[in-house]
Amino acid sequence: MKQEYYLGLDLSTQSLTATAIDLQHQELITHALNYDACYSRYGTEGGVIISDDPRVVHANPEMWIEALDDLFAWLAGKNIPPQTRAISISAQQHGTVYLNSRAKALLSEMDSSGSMLHQLKGIFSRKTCPVWMDSSTSEECSEITQTLGGDLKVVQLTGSVATERFAGPQIRKFWKESRDSYRRTEHITLISAFITSLLTGYFSPIDPGDGLGTNLADIHLKDWDSKALEAASPGLFLKLPPLLKKDKVLGRVSNYLVRRYGFSPDTHVINGSGDNPCSLVGLGLLGDPTCHAISMGTSDTYFGYLPRIQKENRSTGHIFGTADGRYMFLVCFKNGNLARDQIRRAYSLDWKRFSDILMSTPPGNNGRLMLAYPLPEITPQILKPGIHRFGGLSPDDPMGNVRAVFEGQAMAFYLHTHWTGERPKRILATAGASENQGLLKVIAQVFQIPVATLAVKESAALGAAFRAAHASLNLQGIPIKWKTLFRRFIGDSGSDVIYPDSSTAGIYHGENGLLQVYSACESCIRGLGGPPDREIEAFRRKFVA
């Protein structure tokens, strides 16, 4: 039986990864190119270019094009393109790409005798692209918020407060600071749709997973909103691609990919999406609101499936669309592993020792807490970086600091996700830090539910491959359910499940519990309350012998 691959590509912050799945043989092939290692001439650190102003974080789209060419060349060497039936893109969310009037023609006229990069160098009206790590648009967020009637109005319309990394504020800043370049810009798109355009040879629409994370669309209608567009910049509607409501086969791969890399001319291209909506699929959570995921990487993200939108009365978190036309929620904690690693390095610990400390120290840490923000934080919004210690936590106490840094993060996960509806029955932990058993144990203690891990390491690329297979096969009249795809490659449940100790529930959730103490500490840092001394003392009287 011949092999038939469904290909998912994930253009993440630091690398470009291909995952090919063969449904008949249950075969999975993965290959990645790291930007820093492979393309050092672009001057990236962690895949991005950080300016003298650390709030400004961009990337060069030419680097992405070059990596795509190289990845296709590797795939061709493995004879994968001729056997590929469909392809889809995952990409880091929120990054915007700016194209000039030459782009449309050059995309459609690429000559297979030359590289994409050589032929497309002249298509950009903005040399570099702001990416999700950029936090330089606070002023523009305020302007958009004021125009639309306040934070709650913006959330009710777009699914998120005006957010610095989102396309709306980023486009507004570009319009304000570079009027001539803005006028020369014919097409503004997101990274996932841009890379998809390289596959088809024409401008791709934007999917709801990525498009609802822009502050430019109505989350209920899943379409661009005229008031939100006007709040960002004049004439923006004419520069944007259409917005889809769910996954769709856009067409077939370009003649360029057929002739240069050997793809079949019948290979389907499915709309691209953001890495978070793709990870929801790649982890098998699409359609399942009872299990949430925590991805612990450079930043931490807490996300899950939403069959319907809850009443919007919040200032944290985001709502995006999903491949099946429904919704997902996501809450981003920017400092994530940045904070954990800073504490680890401060005491010259390896990650095993860090985990051992979390496994052996007492829940509640005797009332000693830490809220750590090496960079400005997204959730909660903390604009001034700093390490905040409470309850007499001394910098000279390695074990206390290790416990405090992650126990504080786990409580932030819990408290800043209550708006998503019913609490989950289970949590999946993913990304590099999910292999740390100590982290998983603390999450289980705080949430009081089982925490599992999956063997899946490239969930965004795998999710893109699943989306390619699902859309393509169903279009061909070969119905396949999402659950069928999930069972074939990731199974029904996670491995290495850690169960909570119910005897610790009161420490966090009871009257005068640590969650109340954490809330008081956070309010103090944000200038919304005084020192949490009373709450700490009440906790210690009840829970510390």
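The values are calculated or read from the model by the stated rules, or taken from the named source; none is laboratory data. Only a predicted model underlies this, so the values are computations on that prediction, with no experimental measurement involved. Don't worry about glycine lacking a Cβ; one is built from the backbone with ideal geometry, like all the others, and counts go over all protein chains shown. Calculation scope for accessible area: heavy atoms of the full protein, side chains included, ligands and nucleic acids excluded. Shrake-Rupley method; radii C 1.70, N 1.55, O 1.52, S 1.80 Å.
What to note about this one:
- The separation of region 23-56 from region 413-482, counted between C-alpha centres, amounts to 23 Å.
- Derived scalar couplings ³J(HN,Hα) [region 149-163; Karplus, 6.51 cos²θ - 1.76 cosθ + 1.60; whole Hz; x for Gly, Pro]: x, x, 4, 4, 5, 5, 4, 5, 7, 10, x, 8, 5, 4, 10
- Rounded to the nearest Hz, the phi-derived 3J(HN,Hα) couplings of region 19-35 under the Karplus curve 6.51 cos²θ - 1.76 cosθ + 1.60 (θ = phi - 60°) are 10, 10, 10, 10, 5, 5, 9, 6, 8, 10, 10, 10, 8, 9, 10, 8, 4, where x marks glycine and proline.
- Based on protein heavy atoms only, the chain ends up with 39 Å² per residue of surface accessible to a 1.4 Å probe.
- Calculated FRET value between GLU422 and ASP266, using beta carbons and R₀ = 60 Å, to 0.05: 0.85
- The accessible surface of the chain, taken with every protein chain in place and a 1.4 Å probe, is 49 percent carbon and sulfur.
- Cross-link partners of LYS2 among aspartates and glutamates, defined as those whose alpha carbon lies under 20 angstrom from its own and excluding same-chain residues fewer than eight positions apart: ASP22, GLU27, ASP266.
- Segment THR484-VAL544, extension gain: residue separation times 0.36 nm, minus the distance between their alpha carbons: 16.7 nm
- Dimensionless Rg/Rh of region 203-299 - Kirkwood Rh, Rg from C-alpha atoms: 1.05
- Normalised Debye scattering of region 283-334 at q = 0.18, 0.26, 0.31 Å⁻¹ gives log10 I(q)/I(0) of -0.58, -1.09, -1.27, counting only Cα atoms as equal scatterers and leaving out solvent.
- Separation in nanometres of the label points that stand 7 Å from Cα toward Cβ, at ASN474 and LYS457: 3.1
- Acute angle (nearest 10 degrees) that the helix 514-525 long axis makes with the longest principal axis of the chain, alpha-carbon atoms: 70
- Share of pairwise Cα separations in region 92-183, more than 17 Å, in percent: 58
- Given R0 = 60 Å, the distance between the Cβ atoms of LYS121 and TYR347 translates into a calculated FRET efficiency of 0.80.
- Stretch gain in nm, segment ARG183-LYS153, where the contour uses 0.36 nm per residue and the Cα spacing is subtracted: 7.8 nm
- Amide hydrogen neighbours beyond the local backbone of THR84, cut-off 5 Å, H modeled: TYR5, SER264
- Largest-first ellipsoid semi-axes for region 58-123, taking √(5λ) over the Cα gyration tensor eigenvalues, angstrom: 22, 16, 12
- Total formal charge among the other residues, if their Cβ is under 11 angstrom from that of PHE489, Lys/Arg +1 and Asp/Glu -1: 0
- Formal net charge of residues neighbouring ASP350 (Cβ-Cβ distance under 11 Å; K, R +1; D, E -1): +3
- Linear extension gain, SER138 paired with CYS38, 0.36 nm per residue minus alpha-carbon span: 32.6 nm
- Efficiency of FRET from Cβ geometry, GLN448 and ARG308, R₀ 30 Å, rounded to 0.05: 0.70
- For region 270-371, diffusion coefficient by Stokes-Einstein and Kirkwood Rh (Cα), 25 °C, 0.890 mPa s, µm²/s: 153
- Compared with the dominant principal axis of the Cα atoms in the chain, helix 351-360 is inclined by about 40°.
- Rounded tilt (10° steps) of 533-543 against the dominant C-alpha axis of the chain: 80
- THR13 accessible area, 1.4 Å probe, all protein chains in place, Å² to nearest 10: 20
- Pairs from LYS104/LYS153; LYS245/LYS457; LYS127/LYS352 whose Cα-Cα separation, in the structure shown, is over 31 Å: LYS104/LYS153; LYS127/LYS352
- Charge context of TRP419, other residues only, Cβ under 12 angstrom, K/R +1, D/E -1: +1
- Convex hull projection area averaged over all views, region 167-213, Cα basis, nm²: 3.6
- Model label zone, ARG534; criterion: amide N under 17 Å from point 7 Å along Cα-to-beta-carbon; scope region 383-417: 391
- In the chain, helices alone account for a calculated mean residue ellipticity at 222 nm of -11000 deg cm²/dmol, with every DSSP H run of four or more residues adding -39,500 (n - 2.57).
- Among 317-330, 339-352, 248-261, the order from most to least packed when residues are scored by Cβ within 10 Å on average: 317-330, 248-261, 339-352
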